[in-house]
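The values are calculated or read from the model by the stated rules, or taken from the named source; none is laboratory data. Since we're looking at a predicted model, the values are computed, not measured. Counting neighbours? That spans all protein chains shown, and the Cβs are built from the backbone with ideal geometry, glycine included. Only protein heavy atoms, including side chains, enter the accessible area calculation; ligands, DNA and RNA are left aside. Shrake-Rupley method; radii C 1.70, N 1.55, O 1.52, S 1.80 Å.
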Amino acid sequence: MRKKLIAGNWKMYKTIPETEELIKAVLKEALPKGVGIAICPPFTSLMAAASLLKGSGIHLGAQNMSENDEGAFTGEISWKMLKSAGCDMVILGHSERRQYYGETNEKVNAKARKALANGLTPIVCVGETLQEREGGVMEKVVGGQIRGCLAGFSAPDVESLVIAYEPVWAIGTGRNATPEQAQSVHAFIRGLVSELHSAATAEKIVIQYGGSVKPDNAANLLCQHDIDGALVGGACLKAESFGAIIRAAGV
Ligand code: 13P
């Protein structure tokens, strides 16, 4: 049985005092045992978050990472820096990074490789645009992203990373994929992992859904066979709604 993982992607929201306030409120929520939880605040809030999350069992993730170890790369953050700030996870290849910062599958591959080699769990994001879905090339696009982002990875590497399927048209739009739409893409992704590796590896990999996940649609999405959790944007910025989504994964 795959354990469900609910991760909150805070994006570019929350100062350090706001971070402390939100994490304290999340910790006051009734959180079911048996559901993995991750919080991914901005870089500047990582240390404050880490100190409040200590001993809680909640994972701490960053939203991006350099593919290099160190060097003259102004504005970049390395895996070593993330680990020393208390992270054990990192979101890679989010569609906003692909769209606004030119992140390619090759870059995501190099970053994920670096994360895995250094004990950080990558959450590798994939997803098609509305135009691509309507143009009938969703499987080609998502399949290409999976093949590119995971190219050359060993089965143990693939088993220890997380994939987040986030249809771009559902992000921040209030228009979530229906549970059936999401399930069918998740099954496609799992099938592809099986083809590229083995059925055993495909059974183990955690595939999250992301895109307008809210307390009122979470349960129907999370009960789908191949949906192993959620990557939550807007609704993770309030403790009550993040808590409610986590509880929906626990039933
Ligand atoms: P929303 O939940 O705000 O649609 O964002 C989803 C997302 O991009 C999470 O990474």
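Here are the numbers for this structure:
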| item | result |
| --- | --- |
| Given (1) over 29 Å from MET47 (Cβ atoms); (2) surrounded by 18 or more Cβ atoms within 10 Å (Cβ to Cβ); (3) modelled with pLDDT of 95 or more, index of the condition GLN181 fails | (2) |
| Single unsatisfied condition, GLY119 versus (1) on the phi > 0 side of the Ramachandran plot; (2) in a helix (DSSP H, G or I) | (2) |
| Close pairs from region 48-59: first over 12 Å from ASP88 (Cβ atoms) and modelled with pLDDT of 95 or more, partner open to solvent by 50 Å² or more (accessible area, probe 1.4 Å) and hydrophobic (A, V, I, L, M, F, W, C), Cβ under 8 Å, at least 6 apart | ALA48/ILE16; LEU52/LEU27; SER56/LEU27 |
| Checking GLU103 against (1) more than 16 Å from the ligand (Cβ to nearest atom); (2) open to solvent by less than 80 Å² (accessible area, probe 1.4 Å); (3) within 27 Å of VAL142 (Cβ to Cβ); (4) without any contact (Cβ under 8 Å) to a residue 40 or more places away in the chain, the condition it does not meet | (1) |
| Residue satisfying all of: in region 194-232; more than 17 Å from THR178 (Cα to Cα) and in contact with a Gly (Cβ under 9 Å, 6 or more places away or on another chain); least open to solvent (accessible area, probe 1.4 Å) among these | ALA202 |
| Residue that is farthest from the chain's Cα centre (by Cα), among those in region 197-228 that are hydroxyl-bearing (Ser, Thr, Tyr) and more than 16 Å from the ligand (Cβ to nearest atom) | SER198 |
| Search result, residues across region 1-32 that are more than 16 Å from the chain's Cα centre (by Cα), in a loop (DSSP other than H, G, I, E, B) and within 16 Å of the ligand (Cβ to nearest atom) | TYR13, LYS14 |
| Selection status of ALA170, within 11 Å of the ligand (Cβ to nearest atom) and either aromatic (Phe, Trp, Tyr) or in contact (Cβ under 8 Å) with a residue 12 or more places away in the chain (or both) | yes |
| Region 236-251, residues that are open to solvent by less than 10 Å² (accessible area, probe 1.4 Å) and within 12 Å of the ligand (Cβ to nearest atom) | CYS236, PHE242, ILE245 |
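Conditions (1) basic (Lys, Arg); (2) touching a strand residue (DSSP E or B) at 6+ places or on another chain (Cβ under 7 Å); (3) open to solvent by less than 40 Å² (accessible area, probe 1.4 Å), marked per residue:
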{"position": "ILE58", "(1), (2), (3)": "no, yes, yes"}
{"position": "GLN63", "(1), (2), (3)": "no, yes, no"}
{"position": "GLU70", "(1), (2), (3)": "no, no, no"}
{"position": "HIS94", "(1), (2), (3)": "no, yes, yes"}
{"position": "GLN99", "(1), (2), (3)": "no, no, no"}
{"position": "LYS114", "(1), (2), (3)": "yes, no, no"}
{"position": "LEU130", "(1), (2), (3)": "no, no, no"}
{"position": "ARG133", "(1), (2), (3)": "yes, no, no"}
{"position": "LYS140", "(1), (2), (3)": "yes, no, no"}
